[in-house]
There are 2 protein chains.
Amino acid sequence: MTVRELIEKNRSYRRFRQSETISEEILLELVDLARISSNGRNRQLLRFAISNGDRNDVIFKALPVWKGQIKEWPGPAEGEKPAAYILILSDEADGKPHPADAGIAAQSILLGAVEKGYNGCMFASISREELAKELKLPETLKIALIVGLGKAGETVILEDLAAGDNNVDYYLDAEDRHHVPKRSMKDVLYRFS
Amino acid sequence: MTVRELIEKNRSYRRFRQSETISEEILLELVDLARISSNGRNRQLLRFAISNGDRNDVIFKALPVWKGQIKEWPGPAEGEKPAAYILILSDEADGKPHPADAGIAAQSILLGAVEKGYNGCMFASISREELAKELKLPETLKIALIVGLGKAGETVILEDLAAGDNNVDYYLDAEDRHHVPKRSMKDVLYRFS
């Protein structure tokens, strides 16, 4: 796949075929992509944790964003949830990573997942304190982002807005397909004056 | 190329063959990869600006990091600088983008550049206020990250550290090759207790 195809296919999926699991080997390969990715000054302050079923329920509960993001949609039902999660953690014992680092790592993980036939979603809205406590994380390890992974259980359609159209809200159509409107090139390109 | 090959080749290059320019068409294709990438709640608050020669000097001067990052290296000489830059800006008129958004966008741009035979480097250490003034950016547009692009003019070697080895500093070897040590998988993988 080209990089463009990978990015086009890397939509934020919210419904998965939960019974289709991911091997630990593949999850570790995805972590390895994040491990070798660029990061601020190469300090490598991110750490990664995998939940492959064992801690899925507690992680799912810490992601309130599932519910609010699409109007009148209560979030994925049992059977539609991610099969696995990769937690992107920052080890703040020696200072904080650059905030962009977690985004770089998440993008590496997700593009790798798409290539392997999986799909995912990154989460930044997390009940961080409760989850850290539940997972018994050490004090210095902070939750930066969480990536949910699985086989997509819904259709996501990327669509271009007309120039000047600011209606970027997601919506579900009559056939339950998830639409993701993207601003036009004209609207995101700043031309120096 | 596989995603792994793309990420392995996507090193942070600091010396380029400056005379090898990049077409505006390619730069716009790279911006388009960032445009369609995932971002926090799909709000799409990032904007992108291109400098393809015209504003390179003023941007280069705003990147003090060139000089300090490798011991006893003064930064790229004339002829070794990036051929072009993509500025990742956040439009803060309607709120701030998630800090991870700029990292996601930068990774999309850089993996796209690698696929097209170019190389790059992302910069977070930027003299933001001076540069915004020089570039006459509107008040609401803030500089998040800058990506320098061109044809690599140096060899970068990715190497794995042994478990427990924290010596992540870059270094140049006797043949002027740039080494990038990466922490071992054991050191970045957190196992729940």
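Between A:Asn167 and A:Lys133, the modelled labels are 4.3 nm apart [label points 7 Å from Cα along Cα→Cβ].
When A:Phe192 is represented by a point 7 angstrom out along its Cα-to-C-beta vector, the spacings to that point in the other copies are 5.1 nm, nearest first. Relative contact order of segment B:1-96, taken over Cα pairs closer than 8 Å and 6 or more residues apart, is 45 percent. Taking the square roots of 5 times each eigenvalue of the Cα gyration tensor of chain B, largest first, gives ellipsoid semi-axes of 27, 22, 17 Å. The apolar share of the surface of segment B:62-193, taken as the fraction of accessible area on carbon and sulfur atoms (1.4 Å probe, ligands and nucleic acids excluded), comes to 48 percent. When the helices of the protein assembly as shown are scored as -39500 (n - 2.57) per DSSP H run of n ≥ 4 and the total is divided over every residue, the value at 222 nm lands at -8000 deg cm²/dmol.
Charged side chains reduced to their Cβ positions (Lys and Arg at +1, Asp and Glu at -1) give chain A a dipole of some 460 debye around its Cα centre.
Accessible area per residue for segment B:63-155 is 40 Å², calculated with a 1.4 Å probe on protein heavy atoms, without ligands, DNA or RNA.
Could you work out which residue, out of B:Ile88, B:Ile22, B:Ile157, moves most in a Gaussian network model of chain B, that is, has the largest mean-square fluctuation with Cα springs under 10 Å? Greatest mean-square fluctuation among the candidates belongs to B:Ile157. Here is the list for segment B:113-147: trypsin sites (Lys or Arg not before Pro) lying in DSSP coil, each with at most 11 other C-beta atoms within 10 angstrom of its C-beta, are B:Lys136. Among the trypsin sites (Lys or Arg not before Pro) in segment B:1-75, those located in a DSSP loop and surrounded by at most 12 other Cβ atoms within 10 Å of their own Cβ are B:Lys71. Interface residues of segment A:98-115, defined as those with an accessible-area decrease of at least 20 Å² between the chain by itself and the complete set of protein chains (probe 1.4 Å), are A:His98, A:Pro99, A:Ala100, A:Gly103, A:Ile104, A:Gln107, A:Ser108, A:Leu111, A:Glu115. Relative to the isolated chain, which residues of segment A:9-38 have their accessible area cut by 10 Å² or more in the presence of all protein chains (1.4 Å probe, heavy atoms, no ligands or nucleic acids)? By number: A:Asn10, A:Arg11, A:Ser12, A:Glu24, A:Leu28, A:Val31, A:Asp32, A:Leu33, A:Arg35, A:Ile36, A:Ser37, A:Ser38. Here the relative contact order of segment B:7-162, from alpha carbon pairs under 8 Å that lie six or more residues apart, stands at 38 percent.
What residue among A:Leu131, A:Leu161, A:Leu63 has the largest mean-square fluctuation in a Gaussian network model of chain A, using Cα springs under 10 Å? Comparing A:Leu131, A:Leu161, A:Leu63 in the GNM, the peak value goes to A:Leu161. Cross-link partners of A:Lys81 among lysines, defined as those whose alpha carbon lies under 26 angstrom from its own and excluding same-chain residues fewer than eight positions apart: A:Lys9, A:Lys61, A:Lys67, A:Lys71, A:Lys116, A:Lys133, A:Lys136, A:Lys142, A:Lys151, A:Lys182.
Loop-located GluC sites (Glu not before Pro) across segment B:3-89 with a Cβ neighbour count of 10 or fewer within 10 Å are B:Glu72, B:Glu78, with loop assigned by DSSP. When accessible surface is computed with a 1.4 Å probe, chains A and B are found to bury approximately 6100 Å² between them, both chains counted.
The values are calculated or read from the model by the stated rules, or taken from the named source; none is laboratory data. This structure is a prediction, so every number in the text was calculated from the model and none was measured. Heads up, the Cβs are rebuilt from the backbone with ideal geometry, glycines too, and the neighbour counts pull from every protein chain shown. Ligands, DNA and RNA are stripped out before the accessible areas are found, and what is left, the full protein with its side chains, is counted by its heavy atoms. Shrake-Rupley method; radii C 1.70, N 1.55, O 1.52, S 1.80 Å.
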